[in-house]
1. What's the longest piece of the chain with no exposed chymotrypsin sites (Phe, Trp or Tyr not before Pro), counting a site as exposed if DSSP puts it in a loop and it has at most 15 other beta carbons within 10 Å?
2. Out of Ile144, Ile132, Ile16, any idea which swings most in a Gaussian network model of the chain, alpha carbons joined below 10 Å?
3. What does the extension gain come out to for Lys239 and Glu146, with contour length at 0.36 nm per residue minus their alpha carbon separation?
4. Give the residue from Val17, Gln50, Leu63 lying farthest towards the positive end of the charge dipole for the range 16-71; charges sit on Cβ (+1 for Lys and Arg, -1 for Asp and Glu) and the dipole is referred to the Cα centre.
5. Charges only on Cβ, +1 for Lys and Arg, -1 for Asp and Glu: so what's the dipole of the range 57-166 about the Cα centre, in debye to the nearest 20?
6. Please give the charge dipole size of the chain, origin at the Cα centre, charges +1 on K and R Cβ atoms and -1 on D and E Cβ atoms. Round to the nearest 20 debye.
7. Before anything else, pin down the relative contact order of the chain: Cα pairs under 8 Å, at least 6 apart, normalised by residue count, whole percent.
8. Taking the Cα atoms only, what angle lies between the long axis of helix 27-37 and the longest principal axis of the chain, rounded to 10 degrees?
Amino acid sequence: MFFIVILFFTIVSADIVATINGKNIYSKDIDHFMKIQYPKSQYEILNKEQKLAVVNEYVNRELLLEKAKKAGIENDKEFKKVLQTAKDNLLLETWLKQEVDKVEVSNKEMLDFYIKNIEKFKTPKKIWARHILFSSEDKAIEVIRELRVVDKKLLKSKFIALAKAKSISSSASKGGDMGWFGFADMPLEFSQVAFKMAVGTMTPSVVQTDFGYHVIYLEDKKEAGFASFYESKNIIKDKLKIEKFKEKNENLNKKIRATLKIIVK
């Protein structure tokens, strides 16, 4: 696949991440692309070079798509068959969602399901961390040395200030805040260190991943346990709605089939 250099990668506004041949590429386009292509990756922790690579990959795809359109693929018979199938599937999915939404589930039904299936609501250990990301190890080491001499009571505020001033991660504006996440949500090298840390402390040494060099501060942690009924309520409701709909629809289908004469040839 050919590679192009984005000349206007510098952010023009909060929503535009790049411009190519006068056409703006918006952050929502890249976010959608990342969710499809790299569902386990987080765009916000990429450095500028990595973000540029993602944007270039997105643009390359758009250029290939344009080539396909100019080649007349949209008028191809096979393409039209596949497109019709996709439309039918989308039509069916939309109808099913609307019908499932109409199904009513009582609070008692949800609570009964929760109690009977409590083992399904186990939650893994999670942590809430901040990080300062650098493109070079030397810069990360300098910050660790600077933070080591800070009073423990002031460590968090100093860490946040340095994250805002020096981190190349998009989380810099939030003081390096990464929110809550599980062990598998971050690169292995990152999680192996972060999940062993004590709350209110920072990493004694630099943590290297494919994204760069990290200095980590642990805000809080949640041990493995069980999600509460309140936390699980929406998931349970959706599951029971689907089960009720399937049962009702199957009964209806049986009645309809009984009136039909179906011959398989």
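Read-outs throughout are calculated quantities, based only on the coordinates presented, and are distinct from any laboratory measurement. Worth saying up front: this structure is predicted, and the values here are computed from it rather than measured. Every residue, glycine among them, receives a Cβ derived from its backbone with ideal geometry; neighbour counts consider all protein chains shown.
1. Here the longest segment lacking exposed loop sites spans 9-265.
2. Ile16
3. 28.4 nm
4. So the residue furthest toward the plus end is Leu63.
5. 720 debye
6. Around 880 debye, computed over the chain.
7. It rounds to 21 percent for the chain.
8. Approximately 70 degrees, to the nearest ten.
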